[in-house]
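**Q** Dumping the structure here so I can ask a few things about it.
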Amino acid sequence: MSTKLYQILSACLVFSALVGLFAVRAQSEPLPLHNGALSPDDPAAKLDPKLQNVPEKIAPLDSHIDTTNSGTTEVSYNTNTGIVQIGPTKPPQTIVPLISSDGIKPSLGSAPNSVAKPEKSSSSGITPQSVIGFDDRILINDTTVYPWRAMTRLYITYPDGSMFFCSGVLISAKYVLTAGHCVHDPSHGGFAKVEVIPGLNGTYKPYGSFSSTNIRSYTNWTVNRDLNYDIALITLNQSIGNNVGWLGLAYYPSVDSVIAYIAGYPGDKGNPPVKLYYSYGPILSSTAQRLFYTIDMYDGQSGSGIYRIVNDQYYVFGVNTTNVTADVTANGGTRIDSAKYNDIQAWISSGN
């Protein structure tokens, strides 16, 4: 890394830490005291060969237009019964951040920014609509290390039988944050059923796989396809986060120039593409509901958490959702504003 680039990144990281002091709301969850990874020889740790070549979900194209529609009605889908409910399922309430059972906040381990970022390699053959300039995504070789084991691969099955994969991130013991377009698509019948795999590493599922029991989003996405609300929360059938950990959730009133990280499963890396990659860079600009950046991504990484590191703790403040267009040289994500933060906390507190 050049001296100049190192100085720029160092300055951005200092600014990022200072901005973190002014977060209006943030919840950081504890890391569990063990990781409990399965043996690679365990049948439960082996990816079904039929899933290796499932195609990635195509991300929507983006623009800087903030087209907020009126009304942000919650919509929930019970994946066991197929019942869709529109309207609040539980009134908002104050959430008390959790600590470990012994009252001691465990260490979150080494931050990803301690990993040397390699020189950019040629992006020849990669579409410029998601990998901007040179490809600087970094392969994660060991997904049993926190926070990588809290990153999830999603296998999505729509009512018409179509299957795709996306990415997501654990933000509580049994809740995964992802993109709305990953779990709801009217062209394929609406809401999907989802299989969630934490820390998938090739064909190795170190913690097994889990199924969705409930999905929440907004009618502004499911009906209006408003990119400002391209976000969803998946409830799992088991609390795997008690084993692998999860990332905190946060709302920040100012995020421009903050160093952000994105980790997920791109559809252009490997054959089959079943490996976890991450990259990072500054938030270039933002609106009340959107985030824009040149952090490299590709279809399949939709639903990855956009997170930052403050005092060695990890906070998700957005969801990666969109590719660049010819006139907007930036990828984009849905921002967690104050209202979304409160909604997500209420959904988690419901226990459903």
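**Q** If each residue of separation counts as 0.36 nm, what is the full-extension length gain between Gln52 and Ala288 once their alpha-carbon separation is subtracted? Working shown, then result.
**A** Numbers: separation 236, 0.36 × 236 = 84.96 nm, distance 3.77 nm.
Full-extension gain reported as 81.2 nm.
**Q** For labels at Ser257 and Asp312 in the simple 7 Å Cα→Cβ model, what's the distance in nm?
**A** The two pseudo-label positions are separated by 2.7 nm.
**Q** Place the peptides 288-297, 264-273 in order of packing, highest mean first, counting for every residue the other Cβ atoms within 10 Å and averaging per peptide.
**A** Numbers: 288-297: 23.7, 264-273: 20.0.
With the highest mean Cβ count within 10 Å placed first, the list reads 288-297, 264-273.
**Q** Short version: what are the Cα gyration tensor semi-axes of the range 128-233, square root of 5 times each eigenvalue, largest first, in whole Å?
**A** Details: eigenvalues 117, 67, 36 Å².
Value: 24, 18, 13 Å, ordered largest first.
**Q** Checking the a/c ratio against 1.5 first, then a/b against b/c, what shape does the Cα gyration tensor give for the range 161-317?
**A** Rounded.
**Q** Sort the following peptides by mean Cβ neighbour count (other Cβ atoms within 10 Å, averaged over residues), highest first: 252-261, 301-310, 135-144, 192-201.
**A** Answer by packing, highest mean first, reads 301-310, 192-201, 252-261, 135-144.
**Q** Now for a separate question. Want the number for Val223 to Thr73: 0.36 nm per residue separation, take away the alpha-carbon distance, what's left? Intermediate values should be presented prior to the final figure.
**A** Numbers: separation 150, 0.36 × 150 = 54.00 nm, distance 1.04 nm.
Gain on stretching Val223 to Thr73: 53.0 nm.
**Q** What order, most packed first, do the peptides 274-287, 174-187 have when packing is the mean number of other Cβ atoms within 10 Å of each residue? Each step should come with its number before you reach the end.
**A** Values: 274-287: 21.2, 174-187: 24.4.
Descending packing order for the listed peptides: 174-187, 274-287.
**Q** Please work out how much length the chain gains when fully extended from Val84 to Ser187, using 0.36 nm per residue of separation minus the C-alpha to C-alpha distance, in nm with one decimal.
**A** Result: 35.4 nm gained on full extension.
**Q** Could you tell me whether the range 271-316 comes out rounded, prolate or oblate from its Cα gyration tensor? Rule is a ≥ b ≥ c as square roots of the eigenvalues, rounded for a/c under 1.5, then prolate if a/b exceeds b/c, otherwise oblate. Please report the intermediate quantities before stating the final value.
**A** Numbers: a/c = 2.21, a/b = 1.38, b/c = 1.60.
Since a/c reaches 1.5 but b/c is at least a/b, the shape of the range 271-316 is classed as oblate.
All of the numbers you see were taken from the coordinates with simple rules; none came from a lab. Source: prediction; values computed, not measured. Don't worry about glycine lacking a Cβ; one is built from the backbone with ideal geometry, like all the others, and counts go over all protein chains shown.
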